[in-house]
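Inspection log for the structure reproduced underneath, given as structure tokens.
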Amino acid sequence: MSKLKDQEQRRGDRIALSLSAVVKFRDSIEAVFKEKTDLISISRSGAGFYLSKECRVGRLVSLIMAMPRHLRCYDREKELYRVWGLVQHCSRLAGEREEYHVGVAFVGRRVPPSYHENPLQSYRIAGMNEDGTWRIVESKTSFVVRKHPRYWVGLEVELSALDDDKNLLCDEEAATENISLSGMAVYSNLAVDVGSSVNVECFAPEFSGLAIVRNRQFADHRRPKLHLEFISDTFPVGAVALPTERDVLEDEDEEEELADRENAPPVEEFVQV
């Protein structure tokens, strides 16, 4: 099954439509940021949109919108729907203008008591509530921003498994999910374990480098996914036709993002735009 068809099946009732929302969050203890923006996509459990200001992962934001009633978890008779969202990713778009792609998971109509004590408190997902919104708990630490940004670009690469003496064991063509200067995530059936050495070959752009397998994930609907860290060279991301403005970050990987946030349970529904 193609990746595109697979994404369409996973999205379920997630839709893209012309819908705006007023987004508000605490930029600091004293300051509140508020902006009206167009939603990129929305579902019962989350939404994606663009903001002119960065909002840190793990923070709570308020959204007010005329959300379609069949997607609401409550307040179906009201004209406007207010819901709190937990920021799952916030990445600056390429280009001169300061603009961020934000994805949130809906957590309900009310915030936890700890938010009133500290509106800058970080949270993480810990399950689902009975009404279909996500249940959250306080995070002990703030989300750590990656050293190198990831670019969600599909490239054809060839992976070669090596033994301890760097001799070729087997190879396979693979497709990247995302890339960065220091590594990439690729869908591959290559039979390698975490800690194994892998050689990566890419022809457009031209690149050859040695990498270490840092993680291997499995999913029912996809080939296994390898997370590779380069140890010999950095990937020439500047030579790739990287997505810009509205084309950036077309497919956010929830499983990896959740793993970054204290190994929260895997989530499939929210914020895939």
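Read-outs throughout are calculated quantities, based only on the coordinates presented, and are distinct from any laboratory measurement. The structure displayed is predicted, hence computed values, not measured ones. Neighbour counts are summed over all protein chains in view; Cβ atoms, including those assigned to glycine, are modelled from backbone coordinates with ideal geometry.
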Under 5 Å, built H, 5+ apart or other chain: amide partners of Leu169: Ala161, Leu162, Asp163
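Can you order the peptides 45-56, 23-34 by their average number of other Cβ atoms within 10 Å per residue, highest first?
Ranking, from highest mean packing down: 45-56, 23-34.
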Selected from Pro205, Ser182, Cys170, residue furthest toward positive end of dipole (region 156-239; charges at beta carbon): Ser182
Normalised per residue, the volume of the convex hull around the Cα set of region 156-239 (Å³): 82 Å³
Neighbour-count order for Thr234, Thr133, fewest beta carbons within 10 angstrom listed first: Thr234, Thr133
Unit charges on C-beta of K, R, D, E only; dipole of region 156-239, Debye: 360 debye
Neighbour-count order for Trp134, Trp152, fewest beta carbons within 10 angstrom listed first: Trp152, Trp134
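Using 0.36 nm per residue of separation minus the Cα-Cα distance, give me the extension gain between Leu169 and Phe218 in nm, one decimal. Intermediate results must be reported in sequence, preceding the final value.
Details: separation 49, 0.36 × 49 = 17.64 nm, distance 2.20 nm.
Using 0.36 nm per residue and subtracting the Cα-Cα distance, I get 15.4 nm.
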